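The values are calculated or read from the model by the stated rules, or taken from the named source; none is laboratory data. The structure presented is a predicted model; accordingly, all values stated were derived computationally and were not measured. Neighbour counts are summed over all protein chains in view; Cβ atoms, including those assigned to glycine, are modelled from backbone coordinates with ideal geometry. What goes into the accessible areas is simple: the full protein's heavy atoms, side chains included, and nothing from ligands, DNA or RNA. Shrake-Rupley method; radii C 1.70, N 1.55, O 1.52, S 1.80 Å.
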Amino acid sequence: MSAKVLRLGDFLKVRYCFPFLAHSQTFSLLSVIYIPKTLNLLFIQPHSYSSQSSNSKYSDYLHQFSPFNFPNYDYLGSLNSNERRLVVVGLSKLIKQQQGYILKGFYRNFCPYLLVKIMTLLKSRKSACAFFKFAFQNDSDTTVKSCCLAAHLLAAENLQLLAQDVISWIILRIGASRSRELVEFMWANHHEYESDFSLLYTLMWGFLHSQMVYEALEILDRMREVGVTPSSSAMTILFRLLLRVGDYGSVWKLLRGMIREGPRPCNFNFNVIILCFCQKGYVRIGESLLYVMQKFSCQPDVYTYNILISGYCTRGRTSDALGVVHLMIKNGCKPSLVTFNIVINAFSKQGNMEEARKIFEGIQEVGLSPNVEMYNTLMNGYFKASDVDQVNILYEEMRNRGLAPDGSTFNILFAGHCKYGREEDSHRLLRDLSYLGFLPDCSLYDITVAGLCWAGRLGEAMEFLEDMLEKGIPLSVIAFNSVIAAYSRAGLEENANRAYKVMAMFGLVPSSSTCSSLLLGLSKNGRLQEARGLLHMMIEKGFPINKVAFTVLLDGYFKAGDITGAHSLWHEMEARGIYPDAVAFSAFIDGLSKAGLLEEAYDAFLDMSRKGFVANNFTYNSLIHGFCKCGKLHEALKLEREMRQKGLLPDIFTINIIINGFCKEGRMKAAIDVFTDMHRIGLTPDIVTYNTLIGGYCKVFDMVGADEFLNKMYASGWDPDITSYNIYIHGFYSTRKTSQAVMMLDNLIAVGVFPDTVTYNTMLNVVCTDILDRAMILTAKLLKMAFVPNVVTTNLLLSHFCKQGMPEKTLLWGQKLSEISFTFDKVSYKIMEKAYIKVQNKVKPLRATSAKSLFLDSLMYITYDYFRRISTNGKTSQDPQTN
């Protein structure tokens, strides 16, 4: 492009007359901004992996078009990567079209007329909206009023949608309190530009897009006052927002207003209201609206019934869902394939494949034929029920009907065959799909990699990838995602990172799945700071980051006990406009509950419900477990009742948590009642249930009751595991039955159960309190078992020194352990603090015999020597000079 086109002469003066102005504007243009040819490279290579962030690249170019000059201001913080690209491409086109003088004028002064002209010249609504977001960097009163004027001008040009976009973004930036001033300012002079209907419609949608429901209701009142009828679609969004925050009174008031003053409620309005009530868990209210809508000449359609059926199925109430199916047929509404697929999917998830198949076979009675989605649902259900042969029969039946498998079919079949080790079926499937032309060549390579990962052959998968790339065969990001996800799940984050680097080297842009998998690998290994840094780096580069990535990292923080980091990430999510979904809320509630922050966890639970998310069993179990753990069993039981009322059946985890809560309080009769009731609701006790009850009896020193439940456990087909034996050993120790505890230890070894650290520590407690001769024999037995100590072992021995009148030895061994950088816990410090107080106060309790003292010293030395050797080996392996 010639210099003439790229640069206009100095002192060029341009006059431009706007059709909607009473006068013209004259602008002097000293020079037009020169855009280098290399500019476009920034945008056709979004997957560049240089250290410079994409934000800074865009900002260097776009800064010259902004009328505001704030040092260190992030001009692009409000724009996503696609919006940045739209702005740059749009402005580049304007310059090529000789419109640079308008940009120059806007740069010199934030003028609403020039802003409107630039937005209209950009042609695309998305580009115009993105440019406005870039330009609106100062929310002072003057700038806000100028932007309001721009919205008036856009409305005057019949560009109402752009006017709505402008007002929505202003409202979102300035907040609810200042928005009232904005309404009054726009209302005062709007007749010069637009009608009452046009302005109020724009303001209504502005508040609705910003989810400010009560401000939108105020605009609705003003509409009623001036005789303007709102649109049905606006009313629908109002219903949705009011139901999301749980303001049911305003919902009914709004519906009454529609009936009296318009617009007349339609099927779509009622369907949205029913849907929102179902999502909140009030399916019965949704069903009652079926009869209400008929009073206003709105007959329930297939969508109405499907919403209700889905609502019941989501809560496991499949019998009620079938009742709605029968009702719709009775009322003359023909069920669709979607209707039956919802019910079949619900029965499949429950594992009731017999009922699912019965419904599947009965759909032809209503004149329908099964589609691919229905076959996919059934095959997925049979895989979950481990019935692979039935899956193969269904697949053949689908092909015989002439139905072409889709991507979901393949994913279900291939994942299932790999999971159950049916390689011959996997290979046959690949041949079929390839022969029928359903898969391109590149998909076959992706599939091969995925299959190797499913089989746990990660090294082979990575070798296959590298071999394909060396041969010049193109691979998609899907193949790399399979390898990265598999490595991350296995905790091999270094291998996952290597695969990512290979992927980047070949110019493949990461997907949201790539980012989430990399974060999972780092989080699983406790490298949270690196994970957070990676997250920020990927956001800066404009890579797709979704809620899953944040949820993975959030879970990592909670598992590492970093509550502050979890809180920080939670607030960062919302600050970045990534609002948590049901999974993120559940992870947050679970983490807070485990950390003992029950009030905050319950507040998050209420917030989750207010925002329209339905809590599942995992969410309820997290809260119930938290309340039981901190001794608030009454609150836990209230939640369990609420759970049932909302259609969620307690699962085995819920029951085990409740039983454990009663056992902790020694209320064994109540625990047994829960155990008996679980059979009534179709649940079968597992080994955790039996162990919990046996432990409860041991805690109340009822070893006879414990034996009875041990026999019940045997009768139910469960053999005791190491937890069962540990409970018994601790129970015998607590009741001073040392001989039985030792016999139980011999018994578990005889039946082939391996002792764990809990077993050793429990027996060590026995050793430290038993008579010396027997203690020494038992110690020799423990040493033969290759006893591996931990921090609990250390605390136990330090505590016994203190209890048996040797606090100075507690301090002495504490000092020795600190010299080898031993990691103490809170209990360790409390024991040493107690010993220090005893030494300071010169307390002289009954001292242990010299022989017992020597015996405890020897046990402590064995423990100390183990940790010393580990510490020395760790330092040696990290010393580069020794390699």
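Numbers for the structure displayed
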{"read-out": "With all protein chains modelled, accessible area of residue 264 [1.4 Å, Å²]", "value": "140"}
{"read-out": "Summed side-chain charge close to residue 356 - residues other than residue 356 whose Cβ falls under 12 Å, Lys, Arg +1, Asp, Glu -1", "value": "0"}
{"read-out": "Spin-label model distance (nm) - residue 214 vs residue 489, 7 Å beyond Cα toward Cβ", "value": "4.7"}
{"read-out": "At q = 0.15, 0.20, 0.21 Å⁻¹, base-10 log of I(q)/I(0) for segment 143-277 (Debye sum, equal scatterers on each alpha carbon)", "value": "-0.70, -1.15, -1.24"}
{"read-out": "Segment 245-369: relative contact order as a whole-number percent, Cα under 8 Å and 6+ apart", "value": "17"}
{"read-out": "Spin-label proximity, residue 196 to segment 204-231 - amide N less than 19 Å from point 7 Å beyond Cα toward beta carbon", "value": "204-205, 216-231"}
{"read-out": "Contour minus Cα-Cα distance for residue 836 and residue 746 (0.36 nm per residue)", "value": "28.5 nm"}
{"read-out": "Segment 112-220, relative contact order [Cα under 8 Å, separation at least 6], %", "value": "25"}
{"read-out": "Net charge over other residues, Cβ less than 10 angstrom from the Cβ of residue 528 (K, R count +1; D, E count -1)", "value": "+1"}
{"read-out": "Listed peptides 477-483, 702-708 by packing density, highest first (mean Cβ within 10 Å)", "value": "477-483, 702-708"}
{"read-out": "Highest-first arrangement of 666-675, 814-823, where packing means the average Cβ count within 10 Å", "value": "666-675, 814-823"}
{"read-out": "Two-site label geometry, residue 826 and residue 96: point separation in nm, points 7 Å out along Cα→Cβ", "value": "6.5"}
{"read-out": "Computed E for residue 259/residue 176 - FRET, C-beta separation, R0 22 angstrom, nearest 0.05", "value": "0.15"}
{"read-out": "Per-residue HN-Hα couplings for segment 239-254 [Karplus 6.51, -1.76, 1.60; θ = phi - 60°; Hz; x = Gly/Pro]", "value": "4, 4, 5, 5, 5, 5, 8, x, 8, 6, x, 5, 5, 5, 4, 5"}
{"read-out": "Net charge contributed by nearby residues that have their C-beta within less than 14 Å of residue 197 (K/R +1, D/E -1)", "value": "-1"}
{"read-out": "J(HN,Hα) series, segment 192-205, from Karplus relation 6.51 cos²θ - 1.76 cosθ + 1.60, nearest Hz, glycine and proline x", "value": "6, 10, 8, 7, 4, 4, 4, 5, 5, 5, 5, 5, 4, 5"}
{"read-out": "Contact order normalised by residue count of segment 557-713, Cα under 8 Å, 6+ apart, percent", "value": "14"}
{"read-out": "Segment 245-308 versus segment 332-390: alpha-carbon centroid distance in Å", "value": "29"}
{"read-out": "Solvent accessible area, Å² - residue 252, 1.4 Å probe, full protein context", "value": "90"}
{"read-out": "Rounded to whole Hz, the Karplus (6.51, -1.76, 1.60) HN-Hα couplings of segment 267-281, x for glycine and proline", "value": "4, 4, 4, 5, 4, 5, 4, 4, 4, 5, 5, 5, 5, 7, x"}
{"read-out": "Size-normalised alpha-carbon gyration radius of segment 593-710, reference 2.2 N^0.38 Å", "value": "1.10"}
{"read-out": "Of 664/830; 594/629; 349/712; 826/852; 629/699, pairs whose Cα-Cα distance is over 19 Å", "value": "664/830; 349/712; 826/852"}
